[in-house]
Amino acid sequence: MDSIVVSGGGPLQGKVQISGAKNTCLKLMSAALLTEEPLTLTNVPRLSDIKTLSSLLESHGCEVVLLQDGRVMALSARKITNRKADYEIVRKLRASFNVLGPLLAREGEAIVSLPGGCAIGARKVDLHMHAMEKLGAKIELEGGYVHATAPNGLTGGVIDFPFVSVGATENALTAATLAKGTTVITNAAREPDTVDLAKCLVAMGAKISGAGTSQITIEGVDRLHGATHEVIVDRIELGTFMIAPALCGGEIELLGGRLDLIGAFVEKLDAAGVDVWETSGGLSVRRRADYISAVDVTTAPFPGYPTDLQAQFMALMCTANGKSVLEETIFENRFMHAPELVRMGANIEVEGGVARVTGVDRLKGAPVMATDLRASVSLILAGLAAEGETMVNRVYHLDRGYEQIEEKLGNLGAKIERVSGK
């Protein structure tokens with residue numbers, strides 16, 4: 001397995017292009033199953049998760065063609081040849097479960113394996129199945145597969161989620177586009193990813209109102225058509241790169257960055273002593289002083305502080321002035337990076353869903369193990385500011401969500417390289 005070696009050094013300077021959003025792109029790709037006409041996506045990130053879902057879509061009969069060095073993806077599902085999403089593919093990527101809604105809506109049947117992905121919590125799919133049942137589907141679980149049927153088509157209904165779920169909202173949203181009648185989703189996810197999916201579906205002929213609010217209304221249509229859609233910028237990659245100069249000093253410009261995508265995160269950076277301002281090309285970031293102030297963080301659904309930026313912020317707090325409390329409310333088991341940061345000299349105490357971080361003067365390089373996608377990048381960030389060399393092992397997690405991160409950080413002046421495993 002590959003490793004990434006980081007040597008702590010001086011400040012970072014320059015510009016970095018933020019890629020298209022991985023999580024958004026995956027859901028947009030699944031939406032291609034809703035129509036026999038082509039769907040073209042632009043600003044596609046080049047990541048292993050994108051390849052994994054492409055394989056799954058191809059198994060359903062969808063043609064997937066990459067153009068312009070992989071930045072443009074043309075998908076054509078003229079005919080669905082297979083309604084089963086196999087375990088061997090779905091286990092690798094949780095977002096694969098979002099083929100359930102499109103397959104069920106278009107074909108009246110979907111057989112989808114229970115999902116896998118990062119080991120950051122149970123992340124059950126009960127709400128996905130609840131949503132399909134509210135649209136008139138019959139759901140059975142057998143042999144690790146969800147078997148959903150609606151031989152006469154789906155029917156609009158009221159889907160009231162007991163708590164916010166991005167994946168379930170998006171699965172319900174896609175399924176409802178072809179349901180007969182009106183569907184109302186309450187306690188819906190408000191994430192930019194969900195809004196971008198709705199925008200694409202509208203371009204394909206869907207009738208959707210309320211995306212970006214807690215109540216989404218969908219008027220079902222008989223069919224959807226093809227469209228061309230640009231994938232929104234990745235707000236998690238954006239936030240990750242904003243942490244880098246906060247840790248190391250310097251100033252970088254994040255091309256394509258938008259404040260409206262990460263408002264709660266920017267508020268915490270400001271409280272910690274980091275300046276963020278808009279430029280003609282995106283956003284620029286720099287630390288105001290020689291130190292960072294300790295700031296408490298509680299993760300929450302959008303527009304709250306994103307769980308996918310919790311690990312990166314913990315890395316920043318490790319050398320902050322004072323004590324900070326980080327509370328994780330979205331996923332259990334999402335502090336697995338904490339013991340690895342402790343190996344680098346951090347002072348962190350974890351109890352349940354709360355981590356208490358007491359800032360130290362400096363971290364020291366050490367061999368560490370990546371446990372999931374966001375943990376991987378938090379250890380790289382910590383290594384950038386640490387004394388000596390840090391080797392981050394098992395970085396295959398990293399390749400799922402960060403495109404060419406060694407090259408991007410290297411262009412900013414970081415001392416970082418990938419070492420191939422034997």
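The length gained by stretching the chain between residue 411 and residue 87 to full extension, at 0.36 nm per residue less their Cα-Cα distance, is 112.7 nm.
Judged by the mean number of other Cβ atoms found within 10 Å, the most tightly packed of the peptides 233-246, 261-274 leads the ranking 233-246, 261-274.
Taking the convex hull of the alpha carbon positions in the stretch 121-186 and averaging its projected area over all directions gives 4.6 nm². Of all aspartates and glutamates in the structure, the ones whose alpha carbon falls short of 13 Å from that of residue 268, not counting any fewer than 8 places away in one chain, are 296. Using all pairs of distinct alpha-carbon atoms, the Kirkwood hydrodynamic radius of the stretch 257-369 works out to 14.7 angstrom. In terms of overall dimensions, the stretch 117-245 has a Cα radius of gyration and Dmax of 16.0, 56 angstrom. In this structure, the pairs whose alpha-carbon distance is over 21 Å, taken from 15/415; 323/415; 138/180; 134/199; 364/408; 199/408, are 323/415; 134/199; 364/408; 199/408. For the stretch 22-230, report the translational diffusion coefficient in µm²/s to the nearest whole number, using Stokes-Einstein at 10 °C, 1.306 mPa s, and a Kirkwood Rh over Cα pairs. Answer from the Stokes-Einstein relation: 96 µm²/s. Could you work out, for the stretch 184-233, what percent of all Cα-Cα pairs fall into each 10 Å distance bin, beginning at 0 Å and stopping at the bin that holds the largest distance? With 10 Å bins starting at 0, P(r) equals 27, 52, 20, 0.
For the stretch 57-101, applying the loop criterion from DSSP together with a ceiling of 10 other beta carbons within 10 Å to the trypsin sites (Lys or Arg not before Pro) yields 79. Taking amide H as placed 1.01 Å from N in the peptide plane, residue 297 has its amide H under 5 Å from the amide H of 325, 326, 327, each at least 5 places away in sequence or on another chain. Using the alpha-carbon positions of the stretch 64-158, Rg (one decimal) and Dmax (whole number) come out as 14.7, 43 Å. A straight Cα-to-Cα reach below 17 Å connects residue 92 with the lysines 22, 27, 51, 84, 124, residues fewer than 8 places away in its own chain not being considered. Between residue 288 and residue 362, the contour length at 0.36 nm per residue exceeds the Cα-Cα span by 24.8 nm. Largest first and in whole Å, the equivalent-ellipsoid semi-axes of the chain read 38, 21, 20, each the square root of five times a Cα gyration tensor eigenvalue.
Axis angle, to the nearest 10 degrees, between helix 235-248 and the longest C-alpha principal axis of the chain: 0 degrees.
Extents of the stretch 305-422, largest first, come to 36, 30, 26 Å (Cα atoms, principal axes, whole angstrom).
Every read-out reported here was derived from the displayed coordinates using simple, explicitly stated rules and does not represent laboratory data. Model, not experiment: these values are computed from the prediction. Cβ coordinates were reconstructed from backbone atoms using ideal geometry, including for glycine residues, and neighbour counts include every protein chain displayed.
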